[in-house]
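The values are calculated or read from the model by the stated rules, or taken from the named source; none is laboratory data. This is a predicted model, so every value here is computed, not measured. We place every Cβ from the backbone using ideal geometry, glycine too, and count neighbours over all the protein chains shown. For the accessible areas, the whole protein counts, side chains as well, though only heavy atoms, and no ligand, DNA or RNA atoms are used. Shrake-Rupley method; radii C 1.70, N 1.55, O 1.52, S 1.80 Å.
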Amino acid sequence: MHIEIKENLEEVVKFAKMLEYAGILIALNEHEINNEYEIKKIENLKKLAIENGIDIIIGLLIKPKNKEELKRVLDEFRKKVEIITVAGGIYEINRAACEDSRVDILYHPELGRNDSGLDHICIKAASENNVAIEINFNEILQAKNRPKILTFMRRNVKLCKKYGANVIITSGAKNKWEMRAPRELASIGYVLGLDLKTAIDSVSIIPENIIKTNREKLNGRLIKNVRIVDEF
Amino acid sequence: MEKPKTLPPVLRENERYIVFEIITEEDIEYEEFTKALWLACLSFLGELYTSEAEIKIIKNLYNPRTKQGVIKCRYDMTEFVRASLALINKIGNKDAIVKVLGITGTISSAKRKYLGFTELESFWKEEGKSVA
């Protein structure tokens with residue numbers, strides 16, 4: 001599973017098959033998700049992907065300026081898209097995203113900061129509301145000051161382990177050369193302090209479960225912890 | 001010059017062999033890859049941990065046509081070497097991705113499982129004859 005933004009999507013699908021991915025998440029913003037042209041482009045891509053045995057998931061990436069904007073966008077889109085992600089970086093938004101159960105993934109909480117961006121209160125709330133915290137591989141790859149970012153990520157991982165919040169590792173690629181095989185991403189998680197089993201789970205089982213439950217909710221098969229298993 | 005005797009098996013370090021493949025659109029020489037690997041390891045792990053990993057790239061198993069090869073390292077440092085392999089994004093001005101095919105305990109199993117070598121004995125076994 002990984003996150004990907006636009007351009008030359010056919011080649012990206014070929015690369016994903018070569019690197020043995022099971023699915024790709026394409027992140028769009030609010031304007032693109034209402035744009036019919038963009039949606040049609042992805043529908044065409046899905047046919048190619050199914051031939052190669054790769055699942056394509058459409059996700060919404062919110063880049064809010066304050067709390068109120070985040071709440072407004074969540075009200076509008078939660079019942080339309082499969083996955084909702086929030087780009088962190090400001091402490092106010094990081095905390096608001098952790099305290100809202102409608103958010104699925106919080107991206108790069110330490111982007112452009114001089115600290116880790118999350119404290120014990122945030123992570124406690126995140127584990128209660130099932131919000132996953134993300135480790136972005138592209139950020140490590142492109143970083144000018146790599147040790148600094150690694151220390152902040154290490155602190156987030158340590159807190160997540162203590163309070164039982166989910167960690168997800170994604171490639172965050174913006175072109176095809178920034179993609180890496182899932183097992184390599186897991187080894188980055190191991191280096192940052194996760195144990196090997198949870199590191200492998202964070203690129204396989206955890207994202208799969210999020211997508212599964214969200215799809216069931218959208219189809220109306222899962223309503224407030226009651227699941228329709230079979231119909232007579 | 002006289003060499004020291006080889007250590008008994010109990011005193012030797014355990015090792016693992018990482019079989020890798022480079023994904024690029026252009027040709028890559030052996031020297032270019034070694035330079036990129038050492039730079040990546042030194043910048044990510046530092047001098048201390050790189051010395052602990054005891055990395056060796058086996059020269060006569062690198063195939064420039066298929067771009068596959070074998071790296072030898074210590075068994076408890078495989079994840080660290082793997083992580084630093086993931087951080088390579090350019091090999092001599094060319095865009096590249098290093099993908100790990102698998103990890104084995106001996107060179108011969110690395111050859112048999114991933115590099116497509118066949119042993120002469122296997123032909124005998126197919127015909128049902130015992131090796132003399």
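Key figures for this structure:
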| read-out | value |
| --- | --- |
| Helix runs (DSSP H) in chain A reaching 24 Å along axis by Cα, Kyte-Doolittle at least 0.0 | none |
| Global geometry of the stretch B:15-126, whether rounded, prolate or oblate, following the gyration tensor of its Cα atoms and the 1.5 cut on a/c | oblate |
| Rel. contact order, % - alpha carbon contacts under 8 angstrom, at least six apart, chain A | 18 |
| Average other protein chain Cβ within 10 Å of Cβ, residues B:83-89 | 6 |
| In the B-A interface, the accessible area buried, summed over both sides, Å² (probe 1.4 Å) | 1900 |
| Global geometry of the stretch A:3-227, whether rounded, prolate or oblate, following the gyration tensor of its Cα atoms and the 1.5 cut on a/c | rounded |
| Chain B, relative contact order [Cα under 8 Å, separation at least 6], % | 35 |
| Average partner coverage of B:74-80, which counts Cβ from other chains inside 10 Å | 2 |
| Within straight-line cross-link reach of residue A:217, lysines at Cα separation under 16 Å, skipping those fewer than 8 residues along the same chain | A:79, A:80 |
| Under 22 Å, Cα to Cα: Lys pairs in the stretch B:44-128, sequence gap 8 or more or different chains | 27 |
| Per residue accessible area of chain B, 1.4 Å probe, in Å² | 65 |
